[in-house]
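Can you read through this structure? Questions will come right after.
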Amino acid sequence: MRAPLLPPRDDRGLSTVEVVILAPVMILFILVLVAFGQLVDGHGALDGAARDAARAGSIQKDHDTAVAEAKRAASADLADVCSGPVSVVQKSAGFEPDTLFTVEVSCEVRGLSMIGLNIPTTLSSTFSSPLDPYRRTV
């Protein structure tokens, strides 16, 4: 004797439930990818700003002008990347010819705050540029 055939199940609305459950997860995943992409972009921009700040400072005639120009160059490079002030600190010992002018640039970049995670993300980068022994000092 054969088993009686059961009526087919009604699957209407099942895909709607799947979409309601999976859509927020997928949107959150995409936002996390964008946030980490901004962190990577911010780190690259910070490296470039440190390079530009060290170079701008190394071609100046005196120490005070060198530090001021390094800060100006880094701030200009990071104007649309950082969410706070840009910090430029000279890490090299002096400003004598044939030495290195080293700066550390740091700031708080936008990243995870765009998805509502208020995690401070302060990145820093260091770069050195040689001081030309034949530059004019007058």
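Where a number appears in this text, it was derived from the coordinates with a stated rule and is not lab data. Everything numeric in this text was worked out from a predicted model, so none of it was measured. Cβ sites come from the backbone with ideal geometry, for glycine too, and all protein chains shown count toward neighbours.
Being among the aliphatic types (A, V, I, L, M) and over 21 Å from the mean Cα position of the chain (by Cα) is the filter here, so list the residues in the range 57-70 that pass it.
Ile59, Ala66, Val67, Ala68
Taking the options Ala70, Ala76, name whichever one is buried (at least 17 other Cβ atoms within 10 Å of the Cβ), of a type outside the set (Phe, Trp, Tyr) and not in a loop (DSSP other than H, G, I, E, B). First the steps, then the outcome.
Working: Ala76 fails: buried (at least 17 other Cβ atoms within 10 Å of the Cβ).
After applying the criteria, what remains is Ala70.
Now for a separate question. Given the conditions (1) part of a helix (DSSP H, G or I); (2) over 18 Å from Ser129 (Cβ atoms); (3) over 11 Å from the mean Cα position of the chain (by Cα), which single one is not true for Pro85?
Among (1) part of a helix (DSSP H, G or I); (2) over 18 Å from Ser129 (Cβ atoms); (3) over 11 Å from the mean Cα position of the chain (by Cα), the lone unmet condition for Pro85 is (1).
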